[in-house]
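Structure first, commentary second.
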Amino acid sequence: MEGYLVVRKLKLQVQITVDGYVGGPEGQLDWMTWNMDDQLTAFINHLTDTSDTILLGRKMTPGFVSHWEAAKPDSPEYAFAQKMVGMQKVVFSRTVDRVEGKNIRVHKGDIVEGVNELKRLPGKDIVVYGGATFVSSLLEHDLIDELNLFVNPTALGKGIRIFSGRKPLNLETSKQYPCGIVVSTYRAG
């Protein structure tokens, strides 16, 4: 389609509680469902395989990078870990110039300009996993095109949220998986 600018989508993949928290009051993640079934794993692989860039906030990056880069060949998550390590990662930060790890670069400029610049580059979609403050900023600036909310069968009552105000969304699909997680996919409204 000559003359048309194709813009990549920014897709959020996030674990969330039924009452809307992405972390406990101290950032705890012990409420997450980790025994994912084959169907849910296939959906996660689809989200990953249709993307070629990962966006991360500075605070989440060290744990994310060390987890995936430390995966051993005999680990059940090794094949997925290789995808995570091999993908281009862009870390948005105002405070650091460099982050250790493979295929990582730091963007220190304006978040809106930086994300929109990435969306205009050729390639597959872009996926964002977090952290919460970074995702909140992306949502606040209407930069996320598709939200994949992995709703865990847990309520916390208090904790860390990614939504700070009203956000109209359009439900595309919702599917319950045998492990108890319901994935609801929304488009920005």
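The numbers here are math on the coordinates, done by the rules we state, and not lab data. Remember, predicted model here, so these are calculated numbers, not experimental data. We place every Cβ from the backbone using ideal geometry, glycine too, and count neighbours over all the protein chains shown.
Let me make sure I get this right: for segment 1-97, a, b and c are the square roots of the gyration tensor eigenvalues over alpha carbons, sorted descending. Under 1.5 in a/c it's rounded, otherwise prolate if a/b > b/c, else oblate. Which is it?
Rounded, since a/c falls under 1.5.
So how much slack lies between Gln176 and Lys83, counting 0.36 nm per residue of separation and subtracting their Cα-Cα distance, in nm? Could the numbers behind the result be given before it?
Values: separation 93, 0.36 × 93 = 33.48 nm, distance 2.54 nm.
Contour length minus the Cα-Cα distance gives 30.9 nm.
How many lysine pairs in the chain, separated by 8 or more positions in sequence or lying on different chains, have Cα atoms less than 13 Å apart? Before the final figure, lay out each step's value.
Working: Lys9/Lys119; Lys9/Lys124; Lys11/Lys119; Lys11/Lys124; Lys83/Lys102; Lys89/Lys102.
Qualifying lysine pairs in the chain: 6.
Which residues make up the longest stretch of the chain clear of chymotrypsin sites (Phe, Trp or Tyr not before Pro) that lie in a DSSP loop with no more than 12 other Cβ atoms within 10 Å, not counting the sites? Numbers along the way, then the final one.
Details: sites that count: Tyr4, Trp34.
Longest gap between qualifying sites, sites excluded: 35-189.
Find the Cα radius of gyration of the chain, compare it with 2.2 N^0.38 Å by division, and give the number to two decimals. It would help to have the intermediate numbers written out before the result.
Numbers: Rg = 16.3 Å, N = 189, 2.2 N^0.38 = 16.1 Å.
Relative to the rule-of-thumb radius for its length, the chain sits at 1.01.
Considering the zone a paramagnetic label at Asp38 would reach in this model (a point 7 Å from Cα along the Cα-to-Cβ line), which residues of segment 63-88 have amide N under 18 Å from it?
Inside the label zone: 76-80.
Sorting check: for 70-76, 114-120, which peptide has the highest mean count of neighbouring beta carbons within 10 Å, and how do the rest follow?
On the way: 70-76: 9.9, 114-120: 16.1.
Per-residue Cβ counts within 10 Å, averaged per peptide and sorted highest first, yield 114-120, 70-76.
Can you compute the charge dipole magnitude of the chain about its Cα centre, using +1 on each Lys and Arg Cβ and -1 on each Asp and Glu Cβ, nothing else charged? Give it in debye, rounded to the nearest 20.
400
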